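See structure below.
FYI, it's all coordinate maths here, none of it is from the lab. As the structure is a computational prediction, the values presented were derived from the model and not from experiment. Positions of Cβ are generated from backbone atoms using ideal geometry, with glycine treated the same way; all protein chains shown enter the neighbour counts.
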Amino acid sequence: MLFRSNNNSNVAQGQCVQIILSTTGGCTLQWYNSSSVWTIINGPTVAINTWNSFAVVFQPSGTVSFIVNGVTYTGTGSTLNQPITVCTFGAYSYTAATSGSYNGYIDDFRLYTSSQILSPNVYLPFNGTLTDIIGGTTVTATGSPGYVSGFVGPQALYLNNSSPGGTAATQYVTFPINLSATSSFVFSGDRKST
């Protein structure tokens, strides 16, 4: 899961909040802060080809929590480098022009635009469609992702990027969001890397 600004297609130059899963199961939460420095919270090593649950509670002026399968890893919050305007699943950048892709499944994604979990602003259950059931955003798919049996619901999104990690993504999903550099937010979802 990757949140990024839309004014620079290369995430390596910053402007993002991202969960990275390595092909060996390592997971980290990273964000580019207002001092132009990557802030990193390391999570555990998770099993590949097994469903794993992830959540992030991002509070720029407080604690940032990276929750993996119910276990919380924390770090000190900091203001983002700039506002976040795009969310991407499956690609390292919203244009997929740079190397880095994700091969696996995503289920039950929710985004809350505050640190309070009341009602999601975006809710993508991926039950055979890319429809935000809250109705607040339009989701765009590149490369015709598929669907498989879900972890939470009846179906989950399948991103078949056959060479994950070092190659550009051929299947990915994007949608617009609007988070200021000082916004608190929460996002959660379930992922199964293959």
Quiz item: Once amide H atoms are placed 1.01 Å from N in the peptide plane, what residues at a sequence separation of 5 or more from GLY146, or on another chain, have their amide H within under 5 Å of its amide H?
Solution: TYR158, ASN160
Quiz item: How long is the gain from SER149 to VAL37 if the chain were fully straight, where each residue apart is worth 0.36 nm and the alpha carbon distance is subtracted?
Solution: 36.4 nm
Quiz prompt | Potential extension, VAL71-THR85 segment - 0.36 nm per residue separation minus Cα distance | solution = 2.2 nm
Quiz item: How much length is gained if the chain between SER119 and SER61 is pulled fully straight, taking 0.36 nm per residue apart and subtracting their Cα-Cα distance, in nm to one decimal?
Solution: 18.7 nm
Quiz prompt | Estimated vicinal HN-Hα couplings, Hz - region 27-32 in sequence order (Karplus 6.51, -1.76, 1.60; Gly, Pro = x) | solution = 9, 9, 10, 9, 8, 9
Quiz item: Given the C-alpha centroids of region 138-194 and region 37-68, what is the distance between them in whole angstrom?
Solution: 16
Quiz item: If R0 is 35 Å, what FRET efficiency do you get for ILE48 and THR182 from their C-beta distance, rounded to 0.05?
Solution: 0.45
Quiz prompt | Nonlocal amide H pairs with THR79, under 5 Å, H built at 1.01 Å | solution = SER34
Quiz item: Given just the C-alpha atoms of region 114-159, how large is their convex hull per residue in cubic angstrom?
Solution: 97
Quiz item: Based on the Kirkwood radius over alpha-carbon pairs, what value in µm²/s does the Stokes-Einstein equation return for the translational diffusion coefficient of region 16-75 at 4 °C and 1.567 mPa s?
Solution: 108
Exercise. Would you mind classifying region 22-148 by shape? Square roots of the alpha carbon gyration tensor eigenvalues, ordered a ≥ b ≥ c; an a/c under 1.5 is rounded, otherwise it is prolate if a/b is larger than b/c and oblate if not.
Key: rounded
